[in-house]
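In what follows, a structure is listed as structure tokens, so that the remarks can point back to it.
The values are calculated or read from the model by the stated rules, or taken from the named source; none is laboratory data. Bear in mind the structure is a predicted one, so any value in this text is a computation, not a measurement. When we count neighbours, we look across all protein chains shown, and the Cβ atoms used for this are built from the backbone with ideal geometry, even at glycine. Note: accessible area is taken over every heavy atom of the protein model, side chains too, but ligands, DNA and RNA are not part of it. Shrake-Rupley method; radii C 1.70, N 1.55, O 1.52, S 1.80 Å.
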Amino acid sequence: MRKIYFDNNATTPVHPEVRKAIEPFLSDQFGNPSSIHWAGRDVRKGIEDARQEIASFFGSQPLEVVFTSSGTESDNLAIKGIAYRQGNAGKHIITSQVEHPAVMNACRFLETQGFRVTYVPVNRYGIVEPDTVREALNRETILVSIMYANNETGSVMAIPEIGTIARDAGVIMHTDAVQAAGKIPIDFGQLPVDMLTFSGHKVNALKGAGGLIVRKGIEIEAMSHGGHQERGRRGGTENVVGIIAMGKSFKRLGTGMADEVAEVLRLRTKFEKGLFARIPELVLNGHPTRRLPNTVNISFRFVEGEAMLLNLDMMGIACSSGSACTSGSLEPSPILLVMGADPTDAQGALRFSLGWGNTDADVEYAIDAVETVVSKLRALSPLYPSTKEAKAR
Ligand SMILES: Cc1ncc(COP(=O)(O)O)c(C=O)c1O
């Protein structure tokens with residue numbers, strides 16, 4: 001069976017150059033990076049080189065990069081790390097209604113610890129209006145955490161504007177850039193942002209490694225207490241292989257991102273245009289242009305996203321639906337609902353996220369497959385013909 005991977009926002013394949021770069025660290029470069037002997041020193045150099053590469057990709061200083069196990073851990077470290085360190089100054093946090101569970105659930109946890117959280121809404125494109133953040137600020141606010149780009153729709157937030165609002169109010173600003181990093185240019189050095197989350201497995205590196213960039217001078221409480229690793233900000237022997245892999249990925253992107261992104265955007269545009277030209281009754285979820293170059297989220301009216309997902313899987317196409325299975329019933333994506341989507345449209349939504357390695361042939365095959373599956377499912381839908389007839393009348 002032909003296999004087409006259009007789920008790069010979930011995770012990405014490991015790039016061959018990354019695989020090559022980690023090989024020595026799976027064999028002779030095995031030391032503990034905290035050891036002072038030769039075996040440790042070699043590995044320490046590998047980690048510090050990776051830190052340097054990542055800092056140079058994001059425009060930060062190397063010492064501002066804290067390695068963690070994931071985007072999720074980085075989000076928790078940023079949010080709880082500020083709450084526990086700055087909680088005496090105030091107990092109010094601002095985030096949005098479309099954050100990843102890593103941010104959302106860290107905030108919900110803090111609500112059980114005496115913090116108050118404002119979840120600002122989004123507009124119909126899934127974008128936070130900066131004024132809503134301004135209006136939510138109060139004397140108690142210690143942190144604003146707004147994602148750079150949304151994982152389901154790809155909509156890109158106005159982080160420079162929101163960061164400026166936070167900075168003018170003297171409030172610390174965090175952004176979850178797990179989906180944005182490597183897809184759109186980010187210059188931490190120029191951004192009015194104090195902390196930024198990234199993750200290795202979204203950029204063709206490995207699962208189980210991520211990082212948090214913490215601007216010099218911003219103090220966070222460690223969430224993992226142990227050794228002195230990561231300057232006391234995250235105890236635990238480093239995931240050496242994962243870090244080396246991330247270093248290599250961001251090094252590659254430092255020189256090759258513009259070309260890679262242009263190619264992915266070309267393929268996504270072709271895919272999106274093909275679907276809209278050939279299949280009626282589609283709704284684009286997310287912003288038409290202010291969107292990650294690889295992502296397209298579409299509601300296929302009169303079909304269930306989950307049914308489409310399974311049928312496409314049988315044809316070798318991997319994509320994703322935002323719906324969650326709660327006690328046997330399929331709930332539409334909460335992200336699309338807070339954007340104001342019709343609940344039945346939200347139920348028929350699929351996310352296709354392209355990436356490195358996709359080709360024109362993939363796109364052409366996928367357009368044909370989606371058209372076939374939609375026609376098949378609509379033919380079974382009691383609602384579809386009656387609506388068509390109603391329109392024809
Ligand atoms: C926006 C966003 N934040 C955080 C995460 C979590 O990252 P990780 O899988 O590395 O824990 C994801 C993963 O899907 C994400 O899309």
- Message: Under 5 Å between amide hydrogens, which residues at least 5 positions from Arg116 or on another chain qualify, with H placed 1.01 Å from N in the peptide plane?
- Response: His92, Ile93
- If you average the sequence gap of Cα pairs under 8 Å that are 6 or more apart and divide by the length of segment 1-148, what percent do you get for the contact order? 18
- Neighbourhood net charge (15 Å Cβ-Cβ; Lys/Arg +1, Asp/Glu -1) for Leu196: 0
- the chain, helix-only ellipticity at 222 nm - DSSP H runs n ≥ 4, -39,500 (n - 2.57), divided by all residues, nearest 500: -13000 deg cm²/dmol
- Alpha-carbon centroid distance for the pair segment 141-177 / segment 1-25, whole angstrom: 29
- Item | Protein-only accessible surface order, largest first, of Thr237, Thr255, Thr12 at 1.4 Å | Thr255, Thr237, Thr12
- Message: When 1/r is averaged over all different Cα pairs and the result inverted, which Kirkwood radius in Å belongs to the chain?
- Response: 22.1
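May I ask for the Rg/Rh ratio of segment 226-318, computed from Cα atoms with Rh as the Kirkwood radius, given to two decimals? Can you show the working numbers first?
Working: Rg = 20.1 Å, Rh = 17.2 Å.
Dividing the radius of gyration by the Kirkwood radius yields 1.17.
Going by average Cβ neighbours within 10 Å, how do the peptides 64-77, 193-206, 17-30, 161-174 rank, with the highest at the top? Walk me through the numbers before you get to the answer.
Working: 64-77: 25.0, 193-206: 27.4, 17-30: 15.0, 161-174: 20.6.
Top of the packing list down: 193-206, 64-77, 161-174, 17-30.
What whole-number value in Å² describes the accessible area per residue of the chain for a 1.4 Å probe?
Details: 16840 Å² over 393 residues.
Solvent-accessible surface per residue comes out at 43 Å².
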- Task: Provide the per-residue ³J(HN,Hα) series for segment 4-14, in order, calculated from phi with Karplus coefficients 6.51, -1.76, 1.60 and θ = phi - 60°, each as a whole number of Hz, with x at glycine and proline positions.
- Result: 10, 9, 10, 9, 6, 7, 7, 6, 10, x, 6
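How high is the relative contact order of segment 75-165, given as a whole-number percent (alpha carbon pairs under 8 Å, six or more residues apart)? Walk me through the intermediate numbers first.
Numbers: 136 pairs, mean separation 31.2, N = 91.
Over segment 75-165, the number comes to 34 percent.
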- Message: Explain nothing, just compute: Karplus ³J(HN,Hα) = 6.51 cos²θ - 1.76 cosθ + 1.60, θ = phi - 60°, for every residue of segment 167-174 in order, whole Hz, x for Gly and Pro.
- Response: 5, 4, 8, x, 10, 5, 10, 10
- Give the accessible area for Trp356 in Å² (nearest 10); use a 1.4 Å probe, count only protein heavy atoms, and leave out ligands, DNA and RNA. 90
- Item | Sorted peptide list for 344-355, 303-314, criterion being average Cβ within 10 angstrom, highest first | 344-355, 303-314
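If you average the sequence gap of Cα pairs under 8 Å that are 6 or more apart and divide by the length of segment 150-305, what percent do you get for the contact order? Please list the in-between numbers first.
Working: 197 pairs, mean separation 37.5, N = 156.
RCO, segment 150-305: 24 percent.
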- Item | DSSP bridge pairs, the chain: antiparallel proportion in percent, nearest 5 | 60
- Query: Any idea what the alpha-carbon Rg over 2.2 N^0.38 Å comes to for segment 132-266?
  - Reply: 1.14
- Accessible surface of the chain, 1.4 Å probe, proportion on carbon and sulfur as whole %: 55
